[in-house]
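A short write-up of the structure that comes next.
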Amino acid sequence: MTYITKQPFDGQLVKAHCYTLENEFLKVNVLDYGAALQAIFMKESQNKDVILGFDTLDEYIADKNNAYHGATIGRCANRIAYGTFELEGQEYHLACNCPPHHLHGGINGFNSKLFDAKIEQDHLVLTVRSEDMEEGYPHALELTVTYRLSGRNLIIEYQAQSDGDTFCNITNHAYFNLSDEMTVDHHELMMEADFYARSDEHGLAGEICPVDQSAFDFRESRILADQMAFYQQDGYDHHFILNENGKVILKDPVSKRKMTLTTTQNGVQIYTANGFDHNSGKQNQRYEKRAGIAIEAQQIPDAIHREGYSAVLKKDEIYYQKTVLCFEIDHDLESKGELYEIATN
């Protein structure tokens, strides 16, 4: 049984709400500002909050287009090269808010919008409308984000529709930290991904490469700090192409907390908070470099410029994505089995 409650989460100039979804295993706070995950508490493990973020709305607003803590990202997650693309023979120009590229939907993306929220039985449904040419994207688009709990699973579903051909690639930007330390260096990461995309000096995904014998080979569980040290890799901000039905597993070997991610998307962007530098956070904490790890389920970045890929949403077609996050204690697995739900269309 999932219970959902609502309380004010107001800032000085913006009135918002925090919705709490709670069952036997999890308590999850979701804001209608940015349709953002504000907290995920694992009840089975000291009620640990396993994502980074802020305690107040004003902090989320002040941080706009910086860390993107827990936010829904769109219309287009990640980068679009040089902020331009062509669709139906017409060229469109977007804000280059991460010079020289467009990032995460632009200056006023979904992360900074106030969504309409509605509780439907055990679901929280958030909707927002993006008007024609908003942030430079053609045609109006309506997005629905649905959060629900099922046992140890947090399930996020996205559905979007446009009145004309447009560009759409949605994700969530939560930073996870499963440990009791303020770093993810000693987390273990496993990904069922045989290929990754190289990243240039501006973070734009480039050539698709095999992960074999590289810093990007997480097909077996690797400790992040050890993998980076061995290959002299200073953090990650890279896209990994998941194998069919591939999953991502993040685990803290000390606390035994474990998260399994499955998604209908064909890839994930892994970002180890490389740019954090004494950033403010919850409960007066300061987030340093690699304080968390974002695992962003999404299409390959800059898909509109890649042959064989497309993030074009056709008129009146339905964009659909489902991502499942399962949180469990590793020592329970022998007796209870793997209890995560698989994200399927």
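The values are calculated or read from the model by the stated rules, or taken from the named source; none is laboratory data. Just so it is clear, the structure is predicted and the values come from calculations on it, not from any experiment. Note that each Cβ is placed from the backbone with ideal geometry, even for glycine, and that neighbours are counted across all protein chains shown.
Please report, ordered by residue number, the strands (runs of 3 or more DSSP E) entirely within region 241-345 with at least 1 residues that are among the basic types (K, R) and either touching a residue at least 40 places away in the same chain (Cβ under 8 Å) or closer than 21 Å to I223 by Cβ (or both). Outline the logic, then answer.
Values: elements: 248-251, 257-263, 267-271, 293-297, 319-329.
In region 241-345, the matching strands (runs of 3 or more DSSP E) lie at 248-251, 257-263, 319-329.
Here is a check on your reading of the model: is Y320 among the aromatic types (F, W, Y), at pLDDT 95 or above and crowded, with 23+ Cβ neighbours inside 10 Å? Give the steps one after another, and end with the answer.
Values: among the aromatic types (F, W, Y): yes; at pLDDT 95 or above: yes; crowded, with 23+ Cβ neighbours inside 10 Å: no.
Here the answer is no, as Y320 does not meet what is asked.
Condition first: closer than 18 Å to S199 by Cα, crowded, with 23+ Cβ neighbours inside 10 Å and of a type in the set (S, T, Y). Now tell me which residues in region 214-266 satisfy that.
Y236
Return the residue satisfying two criteria in turn: it lies in region 141-180 and is in contact (Cβ under 8 Å) with a residue 40 or more places away in the chain, of a type in the set (D, E, K, R) and surrounded by fewer than 23 Cβ atoms within 10 Å (Cβ to Cβ), and of such residues it is nearest to Y271 (Cα to Cα). Don't jump to the end; show me each part of the working.
Pass one, region 141-180, residues in contact (Cβ under 8 Å) with a residue 40 or more places away in the chain: 141, 143, 145, 147-180.
Cutting the leftovers down to of a type in the set (D, E, K, R) gives us 148, 152, 157, 163, 165, 180.
Those left that are additionally surrounded by fewer than 23 Cβ atoms within 10 Å (Cβ to Cβ): 148, 157, 163, 165, 180.
Details: R148: 25, E157: 22, D163: 33, D165: 30, D180: 20 Å.
Among those that are in contact (Cβ under 8 Å) with a residue 40 or more places away in the chain, of a type in the set (D, E, K, R) and surrounded by fewer than 23 Cβ atoms within 10 Å (Cβ to Cβ), it is D180.
A quick yes/no check of all residues on (1) surrounded by 20 or more Cβ atoms within 10 Å (Cβ to Cβ); (2) of a type outside the set (G, A, S); (3) closer than 24 Å to I270 by Cβ; (4) modelled with pLDDT under 95:
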position: A62; (1), (2), (3), (4): no, no, no, no
position: R75; (1), (2), (3), (4): yes, yes, yes, no
position: T84; (1), (2), (3), (4): no, yes, no, no
position: G89; (1), (2), (3), (4): no, no, no, yes
position: L103; (1), (2), (3), (4): yes, yes, yes, no
position: F110; (1), (2), (3), (4): yes, yes, yes, no
position: F115; (1), (2), (3), (4): yes, yes, no, no
position: V125; (1), (2), (3), (4): no, yes, no, no
position: S130; (1), (2), (3), (4): yes, no, no, no
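If you scan region 250-304, which residues turn out to be of a type in the set (S, T, Y) and closer than 29 Å to H102 by Cβ?
Let us first name the residues in region 250-304 that are of a type in the set (S, T, Y), namely 255, 260, 262-264, 271-272, 280, 287.
Correct list: T262, T263, T264, Y271, T272, S280, Y287.
Would you be able to tell me the number of residues in region 145-174 that are farther than 22 Å from E22 by Cβ and among the hydroxyl-bearing types (S, T, Y)? Explain how you work it out, then say what you get.
So the first thing to find is which residues in region 145-174 are farther than 22 Å from E22 by Cβ, and the list is 158-171, 173.
The next check asks that each one be among the hydroxyl-bearing types (S, T, Y); those that pass are 158, 162, 166, 171.
Qualifying residue count for the region: 4.
Here's a check for you: in region 267-282, which residue that is among the polar types (S, T, N, Q) and crowded, with 22+ Cβ neighbours inside 10 Å is farthest from D63 (Cα to Cα)? Outline the logic, then answer.
Restricting attention to region 267-282, the residues satisfying the condition of being among the polar types (S, T, N, Q) are 269, 272, 274, 279-280.
Now narrow it down to the ones that are crowded, with 22+ Cβ neighbours inside 10 Å: 269, 272.
Details: Q269: 21, T272: 18 Å.
Ranking the candidates gives Q269 first.
Show the residue pairs that are 6+ apart or on different chains and have beta-carbon atoms under 8 Å apart, the first residue being within region 50-77 and more than 26 Å from K258 (Cα to Cα), the second being of a type in the set (D, E, K, R).
L57/D10; R75/E135
For F41, indicate whether it is at pLDDT 95 or above, in a loop (DSSP other than H, G, I, E, B) and farther than 21 Å from H202 by Cβ.
Spelling it out, it is not the case that F41 is at pLDDT 95 or above, in a loop (DSSP other than H, G, I, E, B) and farther than 21 Å from H202 by Cβ.
Are any residues in region 1-37 crowded, with 17+ Cβ neighbours inside 10 Å and touching a Cys at 6+ places or on another chain (Cβ under 6 Å), and if so, which ones?
F9, N29, L31
Among the residues of region 166-180, which ones are outside any loop (DSSP other than H, G, I, E, B), over 30 Å from K43 (Cα atoms) and out of contact with any helix residue (DSSP H, G or I) (no Cβ under 9 Å at 6 or more places or on another chain)?
Step one: filter region 166-180 for residues outside any loop (DSSP other than H, G, I, E, B), giving 166-167, 169, 171-172, 175-176.
Then drop every residue that is not over 30 Å from K43 (Cα atoms), which leaves 166-167, 169.
The answer is T166, and nothing else.
So that you can scan it fast, the table gives a plain yes or no per residue for (1) more than 23 Å from S130 (Cβ to Cβ); (2) in a strand (DSSP E or B):
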residue: G11; (1), (2): no, no
residue: L21; (1), (2): yes, yes
residue: E24; (1), (2): yes, no
residue: V30; (1), (2): no, yes
residue: A35; (1), (2): no, no
residue: S45; (1), (2): yes, no
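What strands (runs of 3 or more DSSP E) lie completely within region 48-140 and have 1 or more residues being within 20 Å of L154 (Cα to Cα) and aliphatic (A, V, I, L, M)? Before the answer, list the steps.
Values: elements: 84-87, 90-93, 116-120, 123-130.
Once the strands (runs of 3 or more DSSP E) in region 48-140 are filtered for at least 1 residues that are within 20 Å of L154 (Cα to Cα) and aliphatic (A, V, I, L, M), what remains is 116-120, 123-130.
Hey, can you tell me all the residues within region 181-213 that are part of a strand (DSSP E or B), of a type in the set (D, E) and surrounded by 15 or more Cβ atoms within 10 Å (Cβ to Cβ)? Walk me through how you get there before you give the answer.
Keep residues of region 181-213 that are part of a strand (DSSP E or B), which gives 188-191, 195-199, 205-210.
Filter once more, so that each one left must be of a type in the set (D, E): 188, 207.
If the condition is that a residue be part of a strand (DSSP E or B), of a type in the set (D, E) and surrounded by 15 or more Cβ atoms within 10 Å (Cβ to Cβ), then E188 is the only one that fits.
Considering only residues that are surrounded by fewer than 19 Cβ atoms within 10 Å (Cβ to Cβ) and at pLDDT below 95, look in region 286-314 and name the one that is farthest from Y196 (Cα to Cα). Spell out how you get there, then give the answer.
Of the residues in region 286-314, the ones surrounded by fewer than 19 Cβ atoms within 10 Å (Cβ to Cβ) are 286, 288-289, 305-310, 312, 314.
Cutting the leftovers down to at pLDDT below 95 gives us 305-310, 312.
Details: H305: 17, R306: 15, E307: 16, G308: 16, Y309: 15, S310: 17, V312: 22 Å.
Ranking the candidates gives V312 first.
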